[in-house]
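See below for the structure under consideration.
The values are calculated or read from the model by the stated rules, or taken from the named source; none is laboratory data. The structure displayed is predicted, hence computed values, not measured ones. Cβ atoms come from the backbone with ideal geometry, glycine included; neighbour counts cover every protein chain shown.
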Amino acid sequence: MNKIDFAVGIGGENGQGIASTGNILALILAQRGLHLNAYNAYQSIIRGGHTFLTIRAGDGPVRNMGDKIDVFIPLNQDTMDRHARAPFTTKRRSRPGKRRTVSNSAACR
């Protein structure tokens, strides 16, 4: 069983940098030696359409996306409204415009 296994969900409008943020996060996790799987769900490629990127990482092979989100990063209110009822493993959620500093996470060890 993996010691490290978590999923990050990032959502917002097309054009807000979801893909860039996901690429940067994926590179950081890969450089830390974690295995990962990413899935980008988008409505359309037109600027303003809803996009939701899920990245799951672990210290062993990641063969599926799982069914829970551990870290939820909404970049707009629409994302909060669409995904507020999604299964989260924690009650901590970041709100649009609110900063939350995360330290001492498993990926940083």
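Could you look through the stretch 14-35, keep only residues that are in contact with a helix residue (DSSP H, G or I) (Cβ under 8 Å, 6 or more places away or on another chain) and surrounded by 17 or more Cβ atoms within 10 Å (Cβ to Cβ), and pick out the one that is farthest from ALA84 (Cα to Cα)?
So the residue we want is LEU34.
For the stretch 1-47, give me the residue count where each residue is outside any helix (DSSP H, G or I), modelled with pLDDT under 90 and among the hydrophobic types (A, V, I, L, M, F, W, C).
5
Give me the pairs: first residue in the stretch 52-68 and more than 22 Å from THR79 (Cα to Cα) and of a type in the set (Asp, Glu), second residue in a loop (DSSP other than H, G, I, E, B) and at pLDDT 85 or above, beta-carbon distance under 6 Å, and six or more apart or on different chains, which are they?
Every condition considered, the pairs that remain are ASP59/LYS3; ASP59/ILE4.
Return the pairs, sorted by first residue and then second, in which the second residue is of a type in the set (Asp, Glu), the first residue lies in the stretch 1-26 and is in contact (Cβ under 8 Å) with a residue 12 or more places away in the chain, the beta carbons are less than 6 Å apart, and the residues are 6+ apart or on different chains.
Listed by first residue and then by second, the contacts come to ASN2/ASP59; LYS3/ASP59; ILE4/ASP59; PHE6/ASP70; ALA7/ASP70.
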